[in-house]
Amino acid sequence: MNIKLTVAYDGTNYHGFQEQRGTKYVTIQELLEKSLSKLAKQRIQVIGAGRTDSGVHARGQVVNFKCDSWPVPLNKVPLAVNALLPGDVVVLKAEEVPADFHARFSALGKTYTYTIYNHPLPDPFSRRFALHEPRPLDDKAMNEAAQFLVGKHDFKSFQAQGTPVKTTVREITAAGVKRERDYLYLKFTANGFLYNMVRIMTGTLIQVGLGKIKPADVKTILESKDRTKAGPTAPPQGLCMDEIYY
């Protein structure tokens, strides 16, 4: 039996999604596997759709695991697992999927949102889920700049250095910046993302919003394939994995 779970979590207190054996760091994967193993009375290993970093959140993380004799009816799985999980990690849905379904490799696309609180004073209620930027940001210029990222490109300029991959080409199908009062929401949908890609794109768009670079400069940065030309990597707490598409 191949079971797919949709999971939401506040990543503040965790060292990312991926299990880190032999360390003191607590991860989302570790918590899920411990809870599922307890229910199944056997060792369960989960596969995640994305390896969110320390402090990064998720509304729609997807995992799957295989178990020959799973004891809990699927409609009861969220309640059963959540009873064993801390309150900042929640299983939202459980469903059976074909044997060849793989949470990571079967994914066709992902959407991430980065939230910025743009106000002179910090907000104590959003500090875990948004970056506080006290300086005024031009959201229209940021949205204009984001459109240069849409399409199939080599995103080497927006990849953390020292992270080898087969190719740095990705396709962003949608990108935009929307303001709702003092909050800015930067949303990106792509067939996949490089390590720290969303946070580096966000850091670059913030530079546009501050007037330090022009919107069209993002195209030049993209074409340069040079990480040093892009903006700083935005902090993790504003980032949330919204949805995985299959």
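The values are calculated or read from the model by the stated rules, or taken from the named source; none is laboratory data. Not measured: the values here are computed from a predicted model. Cβ placement follows ideal geometry from the backbone for every residue including glycine, while neighbour counts extend to all protein chains displayed.
Among residues of the stretch 152-166 being closer than 15 Å to residue 226 by Cβ and hydrophobic (A, V, I, L, M, F, W, C), the one that is farthest from the chain's Cα centre (by Cα) is 155. All of (1) out of contact with any Cys (no Cβ under 7 Å at 6 or more places or on another chain); (2) over 27 Å from residue 194 (Cα atoms) hold for residue 44 with one exception: (1). Taken residue by residue, the stretch 9-19 has at least one member that is assigned to a helix (DSSP H, G or I), within 14 Å of the chain's Cα centre (by Cα) and not assigned by TED's automatic domain parsing to the domain that holds residue 195. Residue check: is residue 164 surrounded by fewer than 20 Cβ atoms within 10 Å (Cβ to Cβ) and outside the structural domain of residue 229 (by TED's automatic domain parsing)? It is false that residue 164 is surrounded by fewer than 20 Cβ atoms within 10 Å (Cβ to Cβ) and outside the structural domain of residue 229 (by TED's automatic domain parsing). For residue 203, indicate whether it is within 20 Å of residue 150 (Cβ to Cβ) and either within 23 Å of the chain's Cα centre (by Cα) or not assigned by TED's automatic domain parsing to the domain that holds residue 177 (or both). Taking the combined requirement at face value, the residue satisfies it. Looking across the stretch 133-180, the residues that are out of contact with any helix residue (DSSP H, G or I) (no Cβ under 9 Å at 6 or more places or on another chain) and within 18 Å of residue 239 (Cβ to Cβ) come down to 163, 174, 180.
Taken over the stretch 16-25, the criterion of being loosely packed, with under 15 Cβ neighbours inside 10 Å and modelled with pLDDT of 95 or more is satisfied by no residue.
Against the criterion of being farther than 24 Å from residue 217 by Cα, surrounded by 14 or more Cβ atoms within 10 Å (Cβ to Cβ), touching a Phe, Trp or Tyr at 6+ places or on another chain (Cβ under 7 Å) and acidic (Asp, Glu), residue 182 qualifies.
When the stretch 98-125 is filtered for residues that are loosely packed, with under 15 Cβ neighbours inside 10 Å and within 23 Å of residue 174 (Cβ to Cβ), the ones remaining, listed by number, are 105, 108.
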